[in-house]
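Participant: The structure under discussion is supplied below as structure tokens; questions concerning it will follow.
The values are calculated or read from the model by the stated rules, or taken from the named source; none is laboratory data. Here the structure is a predicted model, which means the values were calculated and not measured. All Cβ positions, even for glycine, are placed from backbone atoms using ideal geometry, and neighbour counts span all protein chains on display.
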Amino acid sequence: TLRKELSLYANIRPCFSIPGYETKYNDVNLVTIRENTEGEYSGLEHEVVPGVVESLKVITEKASMRVAEYAFFYAKANNRSKVTAVHKANIMKKADGLFLSCCRKVADKYPEIKYEEKIIDNCCMQLVKDPSQFDVLVMPNLYGDIVSDLCAGLVGGLGLTPSLNVGDGGIALAEAVHGTAPDIAGKDLANPTALLLSSVMMLRHIEMGSYADKIESALLATIAEGKFLTGDLGGKATTTDFTNALCSKM
Amino acid sequence: IMRGSALKQLGSLIARGAAKESTAIPAAQGAVRAYASADKQITATLFPGDGIGPEISEAVVTIFEAAKAPIQWEEQRIGKEVDPETNSFITRANLDSVLKNRIGLKGPMATPIGKGFRSLNLTLRKELQLYANVRPCLSIPGYKTRYDDVDLVTVRENTEGEYSGLEHEVVPGVVEALKVITATASTRVAEFAFKYASEHGRKKVTSVHKANIMKLADGLFIRCCREVAEKYPDIVYEEMIVDNTCMQLVSDPSQFDVMVMPNLYGDIISDLSAGLIGGLGLTPSGNIGANGLALMEAVHGTAPNLVGKNLANPTALLLSGVMMLKHLNLNEVANKIEDATLSTIAEGKYVTQDLGGNAGTSDFTKAIIGHLR
């Protein structure tokens, strides 16, 4: 409903290693940009004869150009130096081929930003071997779904991952992508990091960068200090304690 | 494939000089021929391949011989020209060899440049009816990655799904690509996954899907998996959505055992899993065809910059050879070779460059032979 009614066409997730919350990776600093309206999730499938199903993947020039434009715009606005398009055009020559040709067209308009292409299976292997090689990644829907969750896993999961959805006309809806955690509701145990980092993305989107930086720095400092961490981060602090510690650092 | 006790029985029958015909497995079982005694050799097709292929193949052949594996290799070279009978550089003779032997091992092959002919992999897949790709991924002691507890097997449906090659431009700028899922192919790969799990002592099969979105296509796939699961009540069956699966794989891969998936997810997850244990240079791979035919292969590249320098690492091809032996139920010699390989790497004294050492291919090979018990 949200996606259709607000015409949200791209999902953006910055993934960066958080000092103080150690995972197997300490040098992740990338952003996944996922086309969010078409591709494999068009919902167009039918049973041809019993036991044989066809499912349509749709790639259009319009949607591919739109997400590629946003990816390069985002890269430039956030001082990122490289955009990688992820695809399987060696097999899906027309569909992913169209996606890539759109990315290349947009890349030409941003000569200061490095552009490369990576096949999806190799991309996933590279991500688990050396994620530091990646910067901004732009992808059609399904690969974006997979890669954005993979990357969230590298830095500690959905509880720490911010997310922003961009719609036509610059509309944006930032969101925490983790679950509702019914078992900790009302117990002052929840970790607000994902929602907070998403709100920081929101502030940057409306060009309130200095406030965004202020809040983000305080958050990262609180986690790095390690004195007031919520349960999921390995600490014993309550949501309130965590929040207060953060505020005192601003 | 014969079970251990039947194998022993047959062995003693042969030793007592029983009639030759009685040792043959009835055709009704439809499985790969298995021979009971060490002096009866099984002929296997060997494609050394290109680049470092011939060097690493030689290492494998040497090690197999030292381990007294009852394998007789029938070497096949890819054609230098397109064979009109196959429309590929893979010749009719190449294919007939594998079809006759029902078992083979393949080194890395360079992709021929040009158009108008079928790709090598496509030719092999279609002509040999290779329907499943199997990759065991095991953390290798002595080769440290961020993960030390990986022990999973990916089983990928290899004939349909997103790689059916059916796409068209509807109007300029609008492309449709068809993903095809059939009950036949889904059941076939699920059957293989559970049979493999059962025969290799694995406890769980996870099917990976996106049926919440692709309700009919992936829905059909998991329905087929569920039906097969019911025939194996001793094996735990679970389902996981593909994006969550990837996240779980990088956070805690030890939770996975055997995984079965349609083509695209299988492609992605098998490479992701290879990345967890150190890459394609260490990962064995097997392709399964109709009636127990199997072609194991090293899935890394031809490494043209290492050719002829005694630097190549034969581990991937060797472990694929081990998979081949296990497929033939020659578990004792398979384990012997596998243990020797893993011990050599764990010891760390004679390992190739890519594993952090400075031994040559030949020293590495000798060290493995030295570890054979």
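Participant: I'd like to know if segment B:268-279 contains one or more residues that are among the hydroxyl-bearing types (Ser, Thr, Tyr) and within 30 Å of A:Leu154 (Cα to Cα). Lay out the reasoning, then the answer.
Facilitator: Residues of segment B:268-279 among the hydroxyl-bearing types (Ser, Thr, Tyr): B:270, B:273.
Checking the rest, the ones that are also within 30 Å of A:Leu154 (Cα to Cα) come to B:270, B:273.
Scanning segment B:268-279 turns up at least one residue that is among the hydroxyl-bearing types (Ser, Thr, Tyr) and within 30 Å of A:Leu154 (Cα to Cα).
Participant: Can you list the strands (runs of 3 or more DSSP E) lying wholly within segment A:81-148 that have 1 or more residues being within 11 Å of chain B (Cβ to nearest Cβ) and surrounded by 21 or more Cβ atoms within 10 Å (Cβ to Cβ)?
Facilitator: Those strands (runs of 3 or more DSSP E) span A:82-87.
Participant: Moving on. Which of the residues spanning segment B:171-225 are of a type in the set (D, E, K, R), part of a helix (DSSP H, G or I) and touching a Lys or Arg at 6+ places or on another chain (Cβ under 7 Å)? Write out each step before concluding.
Facilitator: Let us first name the residues in segment B:171-225 that are of a type in the set (D, E, K, R), namely B:176, B:179, B:188, B:191, B:195, B:199, B:202-204, B:210, B:215, B:218, B:223.
When the remaining residues are screened for being part of a helix (DSSP H, G or I), the result is B:188, B:191, B:195, B:199, B:218, B:223.
Across segment B:171-225, the qualifying residue is only B:Asp218.
Participant: What are the pairs with Cβ atoms under 6 angstrom where one residue, in segment B:263-279, is more than 7 Å from chain A (Cβ to nearest Cβ) and in contact (Cβ under 8 Å) with a residue 12 or more places away in the chain and the other, located anywhere, is β-branched (Val, Ile, Thr) and assigned to a helix (DSSP H, G or I)? Sequence gap at least six, or different chains.
Facilitator: Short answer, once both residue conditions are applied: B:Tyr265/B:Val242.
Participant: Still on this structure: Given (1) touching a strand residue (DSSP E or B) at 6+ places or on another chain (Cβ under 9 Å); (2) within 14 Å of chain A (Cβ to nearest Cβ); (3) at pLDDT 95 or above, where does B:Arg223 come up short, assuming only one miss?
Facilitator: So the condition that B:Arg223 fails would be (1).
Participant: Quick check on my filter: what residues within segment B:66-80 are under 14 Å from B:Gln41 (Cα atoms) and either in contact with a Lys or Arg (Cβ under 7 Å, 6 or more places away or on another chain) or part of a loop (DSSP other than H, G, I, E, B) (or both)? Working first, answer last.
Facilitator: Quick first cut of segment B:66-80, residues under 14 Å from B:Gln41 (Cα atoms) only: B:67-74.
Within segment B:66-80, B:Ala67, B:Lys68, B:Ala69, B:Pro70 qualify.
Participant: Same structure, new question: Which of the residues that make up segment B:90-108 are within 17 Å of the chain's Cα centre (by Cα) and without any contact (Cβ under 8 Å) to a residue 60 or more places away in the chain?
Facilitator: B:Asn101, the sole residue that qualifies.
Participant: Also, I was wondering about something else. Quick one: would you say B:Asp252 is charged (D, E, K, R), touching a residue at least 24 places away in the same chain (Cβ under 8 Å) and farther than 18 Å from A:Ile120 by Cα?
Facilitator: Numbers: charged (D, E, K, R): yes; touching a residue at least 24 places away in the same chain (Cβ under 8 Å): no; farther than 18 Å from A:Ile120 by Cα: yes.
For B:Asp252, the condition - charged (D, E, K, R), touching a residue at least 24 places away in the same chain (Cβ under 8 Å) and farther than 18 Å from A:Ile120 by Cα - is not met.
Participant: Then there's this: From the set of residues in segment B:211-227 that are free of Cβ contacts under 8 Å to residues at least 40 places away in the same chain and under 17 Å from B:Cys246 (Cβ atoms), which is surrounded by the fewest Cβ atoms within 10 Å (Cβ to Cβ)?
Facilitator: B:Asn212
Participant: Out of all the residues in segment A:64-74, is one or more in a strand (DSSP E or B), surrounded by 24 or more Cβ atoms within 10 Å (Cβ to Cβ) and either at pLDDT 95 or above or in contact with a Leu (Cβ under 6 Å, 6 or more places away or on another chain) (or both)?
Facilitator: So the first thing to find is which residues in segment A:64-74 are in a strand (DSSP E or B), and the list is none.
No, segment A:64-74 contains no residue that is in a strand (DSSP E or B), surrounded by 24 or more Cβ atoms within 10 Å (Cβ to Cβ) and either at pLDDT 95 or above or in contact with a Leu (Cβ under 6 Å, 6 or more places away or on another chain) (or both).
Participant: Step by step: first the residues of segment B:114-156, then only those that are part of a loop (DSSP other than H, G, I, E, B) and of a type in the set (Gly, Ala, Ser), then the one that is nearest to B:Ile90 (Cα to Cα). Which residue is that?
Facilitator: In the first step, residues of segment B:114-156 are kept if they are part of a loop (DSSP other than H, G, I, E, B); the result is B:114-119, B:128-131, B:139-150.
Filter once more, keeping what is of a type in the set (Gly, Ala, Ser): B:114, B:116, B:119, B:139, B:142.
Working: B:Gly114: 15, B:Gly116: 14, B:Ser119: 9, B:Ser139: 34, B:Gly142: 38 Å.
Only one residue fits best here, namely B:Ser119.
Participant: Contact list please: Cβ distance under 7 Å, first residue in segment A:198-218 and among the polar types (S, T, N, Q), second residue surrounded by 17 or more Cβ atoms within 10 Å (Cβ to Cβ), pairs at least six apart or on different chains.
Facilitator: A:Ser198/A:Pro162; A:Ser198/A:Ser163; A:Ser198/A:Leu164; A:Ser198/A:Ala174; A:Ser198/A:Glu175; A:Ser198/A:Ala176; A:Ser199/A:Ala174
Participant: Still on this structure: So, in segment A:41-59, of the ones that are facing chain B (nearest Cβ under 7 Å) and under 23 Å from A:Leu150 (Cβ atoms), which residue ends up surrounded by the fewest Cβ atoms within 10 Å (Cβ to Cβ)?
Facilitator: By that ranking, first place goes to A:Tyr41.
Participant: Out of all the residues in segment B:348-371, is one or more of a type in the set (A, V, I, L, M), out of contact with any helix residue (DSSP H, G or I) (no Cβ under 8 Å at 6 or more places or on another chain) and either buried (at least 23 other Cβ atoms within 10 Å of the Cβ) or closer than 25 Å to B:Gly201 by Cα (or both)? Even if it seems obvious, please write down each step before you answer.
Facilitator: Initially, segment B:348-371 is screened for residues of a type in the set (A, V, I, L, M), giving B:351, B:355, B:359, B:367-369.
Going one step further and asking which of them are out of contact with any helix residue (DSSP H, G or I) (no Cβ under 8 Å at 6 or more places or on another chain), we end up with none.
The answer is no, given that none of the residues of segment B:348-371 is of a type in the set (A, V, I, L, M), out of contact with any helix residue (DSSP H, G or I) (no Cβ under 8 Å at 6 or more places or on another chain) and either buried (at least 23 other Cβ atoms within 10 Å of the Cβ) or closer than 25 Å to B:Gly201 by Cα (or both).
Participant: Next question, about the same structure. Would you point out the residue of segment A:37-72, among those that are of a type in the set (Gly, Ala, Ser) and without any contact (Cβ under 8 Å) to a residue 24 or more places away in the chain, that is nearest to A:Lys93 (Cα to Cα)?
Facilitator: Our first condition is that a residue be of a type in the set (Gly, Ala, Ser); within segment A:37-72, this holds for A:39, A:42-43, A:51, A:55, A:63-64, A:68, A:71.
When the remaining residues are screened for being without any contact (Cβ under 8 Å) to a residue 24 or more places away in the chain, the result is A:42-43, A:51, A:55.
On the way: A:Ser42: 19, A:Gly43: 21, A:Gly51: 27, A:Ser55: 17 Å.
Ranking the qualifying residues of segment A:37-72, first place goes to A:Ser55.
Participant: Collect the residues in segment B:279-301 that are in a loop (DSSP other than H, G, I, E, B) and either within 15 Å of the chain's Cα centre (by Cα) or surrounded by 19 or more Cβ atoms within 10 Å (Cβ to Cβ) (or both), keeping them in residue-number order. Before the answer, list the steps.
Facilitator: We begin by selecting, within segment B:279-301, every residue in a loop (DSSP other than H, G, I, E, B); these are B:279-283, B:289, B:293, B:299-301.
Once the filter is applied, which keeps residues that are in a loop (DSSP other than H, G, I, E, B) and either within 15 Å of the chain's Cα centre (by Cα) or surrounded by 19 or more Cβ atoms within 10 Å (Cβ to Cβ) (or both), segment B:279-301 yields B:Gly279, B:Leu280, B:Gly281, B:Leu282, B:Thr283, B:Gly289, B:Leu293, B:Val299, B:His300.
Participant: Condition test on B:Thr111, is it in contact (Cβ under 8 Å) with a residue 60 or more places away in the chain, in a loop (DSSP other than H, G, I, E, B) and β-branched (Val, Ile, Thr)?
Facilitator: No, not satisfied.
Participant: In segment B:76-83, is there at least one residue being touching a Pro at 6+ places or on another chain (Cβ under 8 Å) and surrounded by fewer than 20 Cβ atoms within 10 Å (Cβ to Cβ)? Don't jump to the end; show me each part of the working.
Facilitator: If we filter segment B:76-83 for residues that are touching a Pro at 6+ places or on another chain (Cβ under 8 Å), which is where we start, we get B:77.
This time we only want the ones that are surrounded by fewer than 20 Cβ atoms within 10 Å (Cβ to Cβ), so: B:77.
Checking segment B:76-83: at least one residue is touching a Pro at 6+ places or on another chain (Cβ under 8 Å) and surrounded by fewer than 20 Cβ atoms within 10 Å (Cβ to Cβ).
Participant: So if I check each of B:Arg188, B:Arg156, which one is closer than 25 Å to B:Val228 by Cβ and in contact with a Gly (Cβ under 6 Å, 6 or more places away or on another chain)? Let's see the steps before the verdict.
Facilitator: On the way: B:Arg188 fails: in contact with a Gly (Cβ under 6 Å, 6 or more places away or on another chain).
Step by step, each of B:Arg188, B:Arg156 is checked, and only B:Arg156 is closer than 25 Å to B:Val228 by Cβ and in contact with a Gly (Cβ under 6 Å, 6 or more places away or on another chain).
Participant: Hey, another quick one. In the set A:Ala190, A:Ala176, which member is farther than 26 Å from A:Glu69 by Cβ, within 19 Å of the chain's Cα centre (by Cα) and outside any helix (DSSP H, G or I)? Talk me through it step by step, then tell me what you get.
Facilitator: Details: A:Ala190 fails: within 19 Å of the chain's Cα centre (by Cα).
Criteria check complete, one pass: A:Ala176.
Participant: Considering only residues that are of a type outside the set (Val, Ile, Thr) and in contact with a Ser or Thr (Cβ under 6 Å, 6 or more places away or on another chain), look in segment B:179-198 and name the one that is farthest from the other protein chains (Cβ to nearest Cβ).
Facilitator: Filtering segment B:179-198 down to residues of a type outside the set (Val, Ile, Thr) leaves B:179, B:183, B:185-186, B:188, B:190-198.
The next check asks that each one be in contact with a Ser or Thr (Cβ under 6 Å, 6 or more places away or on another chain); those that pass are B:179, B:185.
Numbers: B:Lys179: 4, B:Ala185: 10 Å.
By that ranking, first place goes to B:Ala185.
To keep it simple, each residue is scored yes or no on (1) within 14 Å of another protein chain (Cβ to nearest Cβ); (2) farther than 30 Å from B:Glu191 by Cα; (3) buried (at least 19 other Cβ atoms within 10 Å of the Cβ).
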| residue | (1), (2), (3) |
| --- | --- |
| B:Ser97 | no, no, yes |
| B:Lys100 | no, no, no |
| B:Ile103 | no, no, yes |
| B:Leu130 | no, no, yes |
| B:Tyr143 | yes, yes, yes |
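Participant: Is at least one residue of segment B:228-244 crowded, with 22+ Cβ neighbours inside 10 Å, more than 20 Å from B:Pro136 (Cα to Cα) and not acidic (Asp, Glu)?
Facilitator: Yes, that holds for at least one residue.
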